[in-house]
1. Against the definition (assigned to a loop (DSSP other than H, G, I, E, B) and farther than 16 Å from residue 67 by Cα), how does residue 147 come out, yes or no?
2. Within the range 225-263, how many residues are part of a strand (DSSP E or B), in contact with a Lys or Arg (Cβ under 9 Å, 6 or more places away or on another chain) and open to solvent by 40 Å² or more (accessible area, probe 1.4 Å)?
3. Residue 292 - would you say it is at pLDDT 95 or above and either touching a His at 6+ places or on another chain (Cβ under 7 Å) or among the polar types (S, T, N, Q) (or both)?
4. Please go through (1) modelled with pLDDT of 95 or more; (2) open to solvent by 50 Å² or more (accessible area, probe 1.4 Å); (3) of a type in the set (D, E, K, R) for residue 355 and return the number of the only condition it doesn't satisfy.
5. Which of the residues belonging to the range 62-96 are over 23 Å from the mean Cα position of the chain (by Cα), under 28 Å from residue 198 (Cα atoms) and in a strand (DSSP E or B)?
6. Quick one: in the range 372-403, of everything that is of a type in the set (A, V, I, L, M, F, W, C) and without any contact (Cβ under 8 Å) to a residue 40 or more places away in the chain, which residue is most open to solvent (accessible area, probe 1.4 Å)?
7. Restricting attention to the range 264-306, and to residues there that are in a loop (DSSP other than H, G, I, E, B) and aromatic (Phe, Trp, Tyr), which single residue is farthest from residue 398 (Cα to Cα)?
8. Across the range 160-179, which residue is nearest to residue 81 (Cα to Cα) among those that are among the hydrophobic types (A, V, I, L, M, F, W, C) and open to solvent by 20 Å² or more (accessible area, probe 1.4 Å)?
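The values are calculated or read from the model by the stated rules, or taken from the named source; none is laboratory data. None of these values were measured; they are calculated from a predicted model. Cβ coordinates were reconstructed from backbone atoms using ideal geometry, including for glycine residues, and neighbour counts include every protein chain displayed. Please note that ligands, DNA and RNA were not included when accessible areas were found on the heavy atoms of the full protein model with its side chains. Shrake-Rupley method; radii C 1.70, N 1.55, O 1.52, S 1.80 Å.
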Amino acid sequence: MTVDNFEIFTLPSGLRCVVRSFDGPSYCQLNINAGSRDDFADRQGLAHFVEHTVFRGTGKRSGWQINARAEDVGGGLNAYTSRELTAYYVITPTGQLSRGLELLADIVGNPSFPAAELEREKTIIYEEIKSDIDAPDEAIFDEMADLIFAGSQLGHNILGSCASVETISPDDAHRYVRNLYTPQNMVLSCVADMPVAKIRKQIERYMKVIAARETVQSRPQSPGIEPFEIERTKGLSQCHTIMASRIFDCYDPRRHALTLLRHHLGSGMNSLLYRELREKRGYVYTVDASSNLYTDAGSFSIYFGCAEGNEKRCRRLINRLLEKMAENPMKPGAFERLRRNFAGRTEILNSAINKRVSNAGRQLLRYDKILSRAEANDILYSITPEQMRECAEEILKPGLSVLTYK
């Protein structure tokens with residue numbers, strides 16, 4: 001199957017691949033349907049810990065050799081973990097695709113998790129955890145997730161805590177990889193300066209080291225919660241606030257209208273919240289809207305930082321703006337300008353080939369298909385002001401929960 005010059009195929013192991021021929025460096029990303037939500041119950045931070053420690057050694061390379069393999073030719077290797085995804089990616093110069101693919105397959109398919117190296121990595125992760133705690137504009141998002149998804153693995157900090165990371169053993173890491181780093185639980189996305197048929201041959205050669213086996217995964221649903229208001233006194237010079245509510249999951253057809261609503265509220269200097277809270281009133285330095293949609297639940301949130309005396313004013317104004325949007329659809333002219341702005345911003349943000357191939361891989365992993373540009377455009381132009389109004393209503397329906405750090 002071909003979508004916008006991306007060729008999609010599946011290896012005998014079950015690994016789905018999306019590839020494209022393109023002038024320039026080679027870029028490969030392995031997306032795995034595994035994240036902090038899949039941490040073992042008494043090992044919070046395990047997904048993130050594994051992401052760090054696959055770089056510490058494999059059956060044939062030390063940690064130093066892993067890093068040198070890409071960097072010796074000017075390339076780079078990196079990774080990240082979210083609540084339902086872990087991604088490993090490597091970029092190498094033109095003509096070095098095989099180097100990148102072989103390295104990616106080695107760290108994901110053959111990690112050794114040497115005990116001494118894992119203990120050293122723990123000290124690095126402790127510092128990352130402390131750094132996160134020391135940044136209130138980061139920590140408040142973690143705590144809000146913990147509160148709004150209370151009672152499920154969606155809630156806890158992706159990094160875990162120092163205490164939980166301390167308990168993780170090499171056996172835990174091996175079991176996590178064995179259970180979740182399986183071909184049918186992954187998508188490889190790849191772009192290189194060679195014909196697609198040749199890219200496919202290299203993928204088939206190197207990715208066979210990731211053995212086919214059963215995926216062991218369980219994701220209990222997050223229970224409902226009652227809206228709450230919580231204030232934490234932390235001795236800060238600025239007041240940090242998140243207002244959030246539980247909403248639908250990533251498969252809900254309303255997600256497209258929600259994306260447009262989020263863009264309207266809090267994306268860029270011409271967004272509604274930026275204009276009303278910062279430009280008109282000078283209440284805030286920063287304000288943003290965000291949504292996180294998972295396989296069975298989601299959240300919508302608005303974050304702002306302000307002087308303590310302005311916090312309640314900002315909250316009242318945000319509530320009024322949302323209520324107004326939930327009561328009346330946007331006027332046609334304003335809606336068309338919003339849609340045009342969103343289309344242009346999306347095109348610019350996705351203009352880099354690395355970004356496009358990365359997005360394609362994540363789409364294939366989650367939805368088992370890739371939207372063509374024409375399909376995405378059709379969806380955008382099928383959204384109506386009424387659908388966006390309904391999303392605002394949906395956000396307000398359960399009542400906004402509030403978390404404030406002062």
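1. no
2. Matching residues across the range 225-263 total 2.
3. yes
4. Here residue 355 meets the rest and fails (1).
5. 92
6. 374
7. Among those residues, the one meeting the criterion is 283.
8. 162
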